[in-house]
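Below you'll find the structure, written out as structure tokens, and then a few comments.
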Amino acid sequence: FLISGHGTKGVFELLSGWRRTRENLPFKDRVADAYSDVMVSYTMTSSLYFIAFGMGASPFTNIEAVKIFCQNMCVSILLNYFYIFSFFGSCLVFAGQLEQNRYHSIFCCKIPSAEYLDRKPVWFQTMMNDGHQHTSHHETNPYQHHFIQHFLREHYNEWITNIYVKPFVVILYLIYASFSFMGCLQINDGANIINLLASESPSVSYALIQQKYFSNYSPVIGFYIYEPLEYWNGTVQEDLKTLCQGFNTVSWIEQYYQYLRVGNISATNKSDFISILQSSFLKKPEFQYFKNDIIFSKAGDENNIIASRLYLVARTSENTQREVVELLEKLRPLSLIQSIKFIVFNPTFVFMDHYGLSVTMPVLISGFGILLVLILTFFLVIHPLGNFWLILSVTSIELGVLGLMTLWNVDMDCISILCLIYTLNFAIDHCAPLLYTFVLATEHTRTQCIKNSLQEHGTAILQNVSSFLIGLVPLLFVPSNLTFTLFKCLLLAGSCTLLHCFVILPVFLTFFPPSKKHHKKKKRAKRKEREEIECIEIQENPDHVTAV
């Protein structure tokens, strides 16, 4: 789904560049013009994709799933780029040959003449017509007849740049920014493990009941001592009590000490401690289940305890997951500095460890990605304001997706992190051509510049985003919470990008720099100079007035 968004963007942009070329040109020149018009920006955005996902595939990423996914994305981006650059270009050459020789693009047969088609039924005319009106002269831009292009030029451009519409767009953006900011403030560094399960699985029912009735207790934590220890030593016993303080414990050690105190039995040395443990304590029916918690080894006639385990349960408040993460952060350093070598573990800790870094990681990667965009495009753009507007647009889209997905109850799991990284590239892919065309335009007014930018790139952007969003529909029917998370995040990414390209940027670019006055002054100076030259010619050559 992610690679399709970038791939179809290249296809629609190249197809749009092809349609903007003149039909009377040789097909080789048409392909050359289309490539020169599109492939520079597409190469830059593909490079940014490769760099962003290359960061995710680097050793700096500490989540293996994200690393593997980013590696696959890098390979896919390379294959996709060479596909657009080679195979799809060959398809354009073939299509150009068909058009030049008046062959049908589907059936590859000669298109009948207009007189012959007029004598045939309507269905035959519809099937065999090539869609162009062939006259004695070729139009300057046949792409103007495309229905999306016609809608943008004749209706949408005039409406979005209307002075009465602009205040409502500003209010809309303030609402968008407010909800995004509100969502960003509500981000927490935890996630619901239920979202990792299939929607209708029995595990979901279990997890919901457990959270509803027993959420004030942490998971059962395994406390594993993995080296021989002098359990009969009073100092060791005090260290164990200190480590287990604050927990409800299920421990053979506590039960054994209790058994010794009740029976008034002394076991202050190794031989007595292990002998009583094996021959008396573990023989009792009520303590037999502790046999699996103690690992003995025999060296000659002497028995040793080489490893043992006990279980801890912490009482927590409603925010169980956050408290368990904090608990892990306290217990694990102790395992490195204490004289007792132990490990604490529960299967849910795998997800706890992951979610502990889920908030900082996308923010850091996104921030670093925006910085890379600024650096890489600084030397490629004539006007520095192009960089400035691109960074503002990408930041606005990224924060909007982050905030709105939080309000939509999307947790910070591996899927949402990958979608946030992808949103950065998706926004650049669509905003960059629009912004740079506007910045480098030479029309008299900003309004005319943004109209021309929308006419040039609006069709390709709308086609790609629409295809991308339609392609997400099957995700709604997959019974998986992770897949539904993917749908939510990508839907927000496409919607926010479409909102900025067609609503927010066309209005805000008419308010703020870059100014187009210097272009107007240059044109006036050129026109004045041309008028003076013409006047001189008229005065010196009165016979050539008609020619002038």
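Things worth noting here:
- The residues of the stretch 270-319 that are touching a residue at least 40 places away in the same chain (Cβ under 8 Å), touching a helix residue (DSSP H, G or I) at 6+ places or on another chain (Cβ under 8 Å), over 30 Å from residue 210 (Cβ atoms) and open to solvent by less than 30 Å² (accessible area, probe 1.4 Å) amount to a single one, 305.
- Residue 246 touching a residue at least 40 places away in the same chain (Cβ under 8 Å), open to solvent by 40 Å² or more (accessible area, probe 1.4 Å) and farther than 30 Å from residue 458 by Cβ: yes
- Cβ-Cβ contacts under 8 Å between residues 6 or more apart (or on different chains), taken from a first residue in the stretch 375-393 that is at pLDDT below 65 to a second residue that is open to solvent by 70 Å² or more (accessible area, probe 1.4 Å), are listed as 378/384; 382/440.
- Residue 351 being among the hydrophobic types (A, V, I, L, M, F, W, C), modelled with pLDDT of 75 or more, more than 20 Å from the chain's Cα centre (by Cα) and more than 20 Å from residue 74 (Cα to Cα): no
- Considering only residues in the stretch 215-242 that are farther than 14 Å from residue 310 by Cα and touching a Leu at 6+ places or on another chain (Cβ under 8 Å), the one that is surrounded by the fewest Cβ atoms within 10 Å (Cβ to Cβ) turns out to be 236.
- When the helices (runs of 4 or more DSSP H) confined to the stretch 152-214 are screened for residues that are open to solvent by less than 90 Å² (accessible area, probe 1.4 Å) and within 30 Å of residue 459 (Cα to Cα), those reaching at least 2 such residues are found at 157-160, 166-185.
- Just so you know, in the stretch 439-477 the residues that are hydroxyl-bearing (Ser, Thr, Tyr) and free of Cβ contacts under 8 Å to residues at least 60 places away in the same chain include one that is nearest to residue 159 (Cα to Cα), and it is 453.
- Taking residues in the stretch 411-438 that are in contact (Cβ under 8 Å) with a residue 24 or more places away in the chain, and partners anywhere that are among the small types (Gly, Ala, Ser) and not in a helix (DSSP H, G or I), the pairs with Cβ atoms closer than 7 Å and at least 6 places apart or on different chains are 411/191; 412/191; 412/358; 413/191; 413/358; 417/358.
- Candidates 318, 323, filtered to the one that is within 34 Å of the chain's Cα centre (by Cα), modelled with pLDDT under 70 and part of a loop (DSSP other than H, G, I, E, B): 318
- Selection from the stretch 102-128 of residues that are open to solvent by 80 Å² or more (accessible area, probe 1.4 Å) and not acidic (Asp, Glu): 103, 105, 106, 107, 110, 116, 119, 122, 123, 126, 127
- Here is the figure for the stretch 129-149: residues that are modelled with pLDDT of 80 or more and exposed (fewer than 13 other Cβ atoms within 10 Å of the Cβ) total 0.
The values are calculated or read from the model by the stated rules, or taken from the named source; none is laboratory data. On a predicted model such as this, the values are computed, not experimentally measured, just so you know. Note that we place each Cβ from the backbone using ideal geometry, even for glycine, and neighbour counts take in every protein chain shown. Ligands, DNA and RNA are excluded from the accessible area calculation, which covers all protein heavy atoms including side chains. Shrake-Rupley method; radii C 1.70, N 1.55, O 1.52, S 1.80 Å.
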